[in-house]
Amino acid sequence: MSILLDTDGPETVRLTAVEAHGLGTDALKRIGFPDDEAKIIMDQLVDNALCGYKFAGLPRLLAIAKDKKTTKKREPIRIVKETPLSALIDGGNNVGYITAYRAAEIAIRKAKTTGFASVGVHNSYYSGRNAYYAEMIAREGLVTMHVACGHLKVLPPGGTKAALGTNPICFAFPTSKEPFVFDMGTASLMWGEVLLYSHIGQQLEPGIAFDAEGNATQDAKAVFNGGGVVPFGGHKGFGLSFSVQTLGLLAGSFLAHGKVQDYGFLFWVLNPEIMLPAGDFQERLDELIEKVKATPRRPGVDGIRLPSERAFKERARRREEGILVDKLVVESIRSIGIREG
């Protein structure tokens, strides 16, 4: 994921978390989201921006507003199949920021009751940054793996058309301090980055993106209009991406529209106490973290940094200093739901 650089300039606007939240809430309400749903969405988008992920913050409002699914009828979220250990959820064409959040809540309740939970969501779209939900679960003392497959944006090695989603995978574990969270997309870059760069006119890095005809390009607009990106790490990333798409089938990704290449969000959540005595897992993980961070360092290296440490530090800093957003993005958000004349 791209990191948000704090460089004030004529093309940026600095907002407090409260200001950013209000800006986005107003836009969401203009296109039909009730107060409670707008809050859930904006809590996530603002947190993503605070943690330093530029494309996963306020620019995602533009994707939500432009998506055809947002204009279609939404049904109440409902569980269509359930056991004490599991739940299969029909998202009712609600945006994934809402459905994945509700799924995480259900997974927490079930895992605390039975020790394990498998919860999947289909008939939804755009669940955002997996780490948000995974951190939420880990702060309840639970271990989780969360995957999400989506619309076709990634070309298989040797292919000229997209066949997989960007398909992120995330793990989170509770510790005595901040959770350990590892979140990665299996694509060379996330689609939100393509959308953002297309909107602000920024070129992509060479060798990772293709246009609708399968030709290599750095033009984000050409990629956005029917093109795609490659998996990270060649065949290894492709294999992992395909595995995430397969796990999406367990979430019922094919049920909404009869397509095996569609959106699916899956949570596997474990209470570590079904494997180890209470407290043992966190204590041993704390020890593992200490030992890894105590690794002898190369000259010039200040410290061994683990996944999620940077995001937590950035979150604390930006709560004080505010977040930077492209001025063009802010202007576009202010126009969401407003028609001239």
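The values are calculated or read from the model by the stated rules, or taken from the named source; none is laboratory data. What you see is a predicted model; the values in this text were computed from it and never measured. Glycine also receives a Cβ, built like all others from the backbone with ideal geometry; neighbour counts cover every protein chain displayed. Heavy atoms of the whole protein, side chains included, go into the accessibility calculation; ligands, DNA and RNA do not. Shrake-Rupley method; radii C 1.70, N 1.55, O 1.52, S 1.80 Å.
Points worth noting:
- THR144 being open to solvent by less than 30 Å² (accessible area, probe 1.4 Å), at pLDDT 95 or above and in a loop (DSSP other than H, G, I, E, B): no
- Residue in the range 324-331 that is open to solvent by 60 Å² or more (accessible area, probe 1.4 Å) and touching a strand residue (DSSP E or B) at 6+ places or on another chain (Cβ under 6 Å) present: yes
- Across the range 11-30, not a single residue is classified as over 28 Å from SER308 (Cα atoms), β-branched (Val, Ile, Thr) and modelled with pLDDT of 95 or more.
- Scan the range 201-221 for residues that are open to solvent by 50 Å² or more (accessible area, probe 1.4 Å) and either under 15 Å from PRO307 (Cα atoms) or in contact with a helix residue (DSSP H, G or I) (Cβ under 9 Å, 6 or more places away or on another chain) (or both) and the total you get is 6.
- Long-range neighbours under 6 Å by Cβ, at least six apart or interchain, first residue within 14 Å of HIS199 (Cα to Cα) within the range 315-337, second charged (D, E, K, R): LYS327/GLU11
Conditions tested, residue by residue: (1) farther than 17 Å from TYR133 by Cα; (2) not hydroxyl-bearing (Ser, Thr, Tyr).
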residue: VAL18; (1), (2): yes, yes
residue: THR25; (1), (2): yes, no
residue: LYS66; (1), (2): yes, yes
residue: LYS81; (1), (2): yes, yes
residue: ILE89; (1), (2): no, yes
residue: TYR97; (1), (2): no, no
residue: ARG102; (1), (2): no, yes
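- Residue list for the range 94-135, restricted to those being open to solvent by 40 Å² or more (accessible area, probe 1.4 Å), more than 15 Å from LEU270 (Cβ to Cβ) and either modelled with pLDDT of 95 or more or out of contact with any strand residue (DSSP E or B) (no Cβ under 8 Å at 6 or more places or on another chain) (or both): TYR101, ARG102, GLU105, TYR132
- Number of the exception - LEU189 against (1) more than 30 Å from LYS81 (Cβ to Cβ); (2) part of a loop (DSSP other than H, G, I, E, B); (3) over 17 Å from the mean Cα position of the chain (by Cα); (4) not small (Gly, Ala, Ser): (3)
- Among residues of the range 36-50 that are within 17 Å of THR99 (Cβ to Cβ), those with a beta-carbon under 6 Å from a residue that is open to solvent by 10 Å² or more (accessible area, probe 1.4 Å) and part of a helix (DSSP H, G or I) at least six positions away or on a different chain give the pairs ALA38/THR25; ALA38/LYS29; ILE40/TYR101; MET42/HIS21; MET42/THR25; GLN44/TYR132; LEU45/ARG60.
- Within the range 1-83, helices (runs of 4 or more DSSP H) holding 3 or more residues that are surrounded by 12 or more Cβ atoms within 10 Å (Cβ to Cβ): 17-30, 35-50, 60-66
- Criterion violated by ILE89 - all others in (1) under 26 Å from PHE312 (Cβ atoms); (2) in contact with a Gly (Cβ under 8 Å, 6 or more places away or on another chain); (3) hydrophobic (A, V, I, L, M, F, W, C); (4) open to solvent by less than 10 Å² (accessible area, probe 1.4 Å) satisfied: (1)
- For the range 41-65, a residue qualifies if it is farther than 20 Å from LEU189 by Cα and touching a His at 6+ places or on another chain (Cβ under 8 Å), and the qualifying residues are MET42, ASP43, VAL46.
- Filter pass, ARG139 being closer than 19 Å to VAL80 by Cα and open to solvent by 30 Å² or more (accessible area, probe 1.4 Å): no
- Subset of the range 170-199 [of a type in the set (Val, Ile, Thr), buried (at least 20 other Cβ atoms within 10 Å of the Cβ) and out of contact with any Gly (no Cβ under 8 Å at 6 or more places or on another chain)]: VAL181, VAL194
- Test: residue in the range 256-274 that is of a type in the set (A, V, I, L, M, F, W, C), more than 21 Å from ASP183 (Cβ to Cβ) and surrounded by 12 or more Cβ atoms within 10 Å (Cβ to Cβ): yes
- Count - residues of the range 144-185 that are over 12 Å from the mean Cα position of the chain (by Cα) and β-branched (Val, Ile, Thr): 5
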